[in-house]
1. Here's a check for you: in region 12-40, which residue that is surrounded by fewer than 17 Cβ atoms within 10 Å (Cβ to Cβ), in a loop (DSSP other than H, G, I, E, B) and not charged (D, E, K, R) is modelled with the lowest pLDDT?
2. Just the residues that are among the charged types (D, E, K, R) and modelled with pLDDT under 90, please, taken from region 84-120.
3. When the residues of region 72-83 are narrowed to those that are out of contact with any Ser or Thr (no Cβ under 7 Å at 6 or more places or on another chain) and surrounded by 16 or more Cβ atoms within 10 Å (Cβ to Cβ), which ends up modelled with the lowest pLDDT?
4. Which count do you get for residues in region 104-115 that are within 14 Å of Ile83 (Cβ to Cβ) and without any contact (Cβ under 8 Å) to a residue 60 or more places away in the chain?
5. Mind checking which residues of region 41-65 are surrounded by fewer than 14 Cβ atoms within 10 Å (Cβ to Cβ) and not in a loop (DSSP other than H, G, I, E, B)?
6. In region 84-106, which residue that is aliphatic (A, V, I, L, M) and more than 13 Å from Leu8 (Cα to Cα) is surrounded by the fewest Cβ atoms within 10 Å (Cβ to Cβ)?
7. In region 22-46, which residues are aromatic (Phe, Trp, Tyr) and over 11 Å from the mean Cα position of the chain (by Cα)?
8. May I ask you to list pairs of residues, at least six apart or on different chains, whose Cβ atoms are under 7 Å apart, with the first in region 36-49 being in contact (Cβ under 8 Å) with a residue 12 or more places away in the chain and the second being of a type outside the set (Asp, Glu) and exposed (fewer than 13 other Cβ atoms within 10 Å of the Cβ)?
Amino acid sequence: MKMSWNELSKLNINNKDKFVNIFRKVLDKINEGVFNFKESKIEKNDYYIIVEEDRLNSYFVHIVPKEAYSLFNKMKIEQPSSILGFSVLVGKYNNREVRVSCFGIPCDLLSKAIIGESQK
């Protein structure tokens, strides 16, 4: 179990700013009420959006760069009761919490995106 977290800490995702922007857009869609929370894996050009309807009794929306996808899947299996990286609680849907994560992107970049938006 500890080995996967070590692997995650060594992961260096290219174009982090792009994923921070995608993270922000997903948060906006959820806050606008236009996000579909159906369990799914949506493949984009260089990332996936993965929706889990019941991780830790919450909805989880994961943004996963393709270069981190195999590690994400490994950790998902090894740690079914864990939050996989930095996540943000964005509200509730169907009486359950909704959390968004951007796997493999440092939490300081993601939190700056959130703080920056709230100060506009």
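The values are calculated or read from the model by the stated rules, or taken from the named source; none is laboratory data. What you are looking at is a predicted structure, and each value in this text was computed from that prediction instead of being measured. Ideal geometry is used to build each Cβ from the backbone, glycine not excepted, and the neighbour counts take in all protein chains shown.
1. Asn12
2. Of all residues in region 84-120, those among the charged types (D, E, K, R) come to 92, 96-97, 99, 108, 112, 117, 120.
Within region 84-120, Asp108, Lys112, Glu117, Lys120 qualify.
3. Top of the filtered list is Lys76.
4. The total comes to 1.
5. Lys41, Ile42, Glu43, Asp54
6. Step one: filter region 84-106 for residues aliphatic (A, V, I, L, M), giving 84, 88-90, 98, 100, 105.
From what's left, more than 13 Å from Leu8 (Cα to Cα): 88-90, 98, 100.
Working: Val88: 19, Leu89: 10, Val90: 18, Val98: 21, Val100: 24.
Within region 84-106, the match that is surrounded by the fewest Cβ atoms within 10 Å (Cβ to Cβ) is Leu89.
7. We begin by selecting, within region 22-46, every residue aromatic (Phe, Trp, Tyr); these are 23, 35, 37.
Phe35, Phe37 - these are the residues of region 22-46 that are aromatic (Phe, Trp, Tyr) and over 11 Å from the mean Cα position of the chain (by Cα).
8. Here the result reads Tyr48/Lys41; Tyr48/Ile42; Ile49/Ile42, each pair linking region 36-49 to a residue that is of a type outside the set (Asp, Glu) and exposed (fewer than 13 other Cβ atoms within 10 Å of the Cβ).
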